[in-house]
1. Quick check on Ala38: is it open to solvent by less than 30 Å² (accessible area, probe 1.4 Å), part of a helix (DSSP H, G or I), farther than 26 Å from Arg144 by Cβ and aliphatic (A, V, I, L, M)?
2. Restricting to segment 41-57, what's the tally of residues that are assigned to a helix (DSSP H, G or I), touching an Asp or Glu at 6+ places or on another chain (Cβ under 8 Å) and at pLDDT below 95?
3. Quick check on segment 118-131: of everything there that is in contact with a Phe, Trp or Tyr (Cβ under 8 Å, 6 or more places away or on another chain) and not hydrophobic (A, V, I, L, M, F, W, C), which residue is surrounded by the fewest Cβ atoms within 10 Å (Cβ to Cβ)?
4. Cβ-Cβ distance below 7 Å, separation of 6 or more or different chains: which pairs start in segment 105-122 with a residue that is closer than 13 Å to Arg148 by Cβ and end on one that is polar (S, T, N, Q) and open to solvent by less than 60 Å² (accessible area, probe 1.4 Å)?
5. Would you please name the residue that is modelled with the lowest pLDDT, looking only at residues in segment 1-20 that are under 22 Å from Ala79 (Cα atoms) and in contact with a helix residue (DSSP H, G or I) (Cβ under 8 Å, 6 or more places away or on another chain)?
6. I need a count of the residues in segment 60-75 that are in a helix (DSSP H, G or I) and buried (at least 21 other Cβ atoms within 10 Å of the Cβ).
7. Somewhere in segment 93-109, is a residue modelled with pLDDT under 95, open to solvent by 20 Å² or more (accessible area, probe 1.4 Å), in contact with a helix residue (DSSP H, G or I) (Cβ under 9 Å, 6 or more places away or on another chain) and more than 18 Å from Leu76 (Cβ to Cβ)?
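The values are calculated or read from the model by the stated rules, or taken from the named source; none is laboratory data. Small disclaimer: the values here were computed from a predicted structure and weren't measured. Neighbour counts run over all protein chains shown; Cβ positions are idealised from the backbone, glycine included. Accessible surface is based on the protein model in full, side chains and every heavy atom, while ligands, DNA and RNA are left aside. Shrake-Rupley method; radii C 1.70, N 1.55, O 1.52, S 1.80 Å.
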Amino acid sequence: MGDVRREAPEDEAVLTRIGQAVMLHRGGDREEARNRLAALWREIEGDGDPFHRCALAHYLADTQDDPADELLWDLLALAAADGPGARTPRLRALYPALHLNLAADYAKLGQEAAARSQLELARASAGTLGDDPYGDRVRAAIARLAQRLAL
């Protein structure tokens, strides 16, 4: 029998709650998604699993109305990925998207130097992406933003 790793029930519960809020957001209920994600953040921000904190902050960024608030949440997502005990393969695979999101945030805020810097970090970390639909989407988004920033 192979090495089958299962997440603890509490891990599955957190991921399920994040997924439910993301579905609300994608279904058009941005405010309820933001409220649910914010409530979950208050529960896990101090000592929650770094992957959960990273994913949660990443999705909370997507629900923000103000680009400065979006930047704050994307910075928190990166901080969770960089934090103690966080340098796991599943978090390293998120670095291209985390840096891409920061680049897009800075571009929205008119901070082109910071946007270019983050875009270069996204490009540099893109080797961690798989040859799959997710990797294809992130690589395509990096290319689109590079075109927009004329890089």
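1. Judged against the criteria, Ala38 is a match.
2. Of the residues in that region, 2 qualify.
3. My answer is Thr128.
4. Going by the 7 Å Cβ cut-off, the qualifying pairs are Tyr106/Gln118.
5. Step one: list which residues in segment 1-20 are under 22 Å from Ala79 (Cα atoms), which gives 11, 14-15, 17-19.
In the following step, the residues that additionally are in contact with a helix residue (DSSP H, G or I) (Cβ under 8 Å, 6 or more places away or on another chain) were identified as 11, 14-15, 17-18.
Details: Asp11: 73, Val14: 90, Leu15: 90, Arg17: 93, Ile18: 93.
Across segment 1-20, the extreme among qualifying residues is Asp11.
6. 6
7. yes
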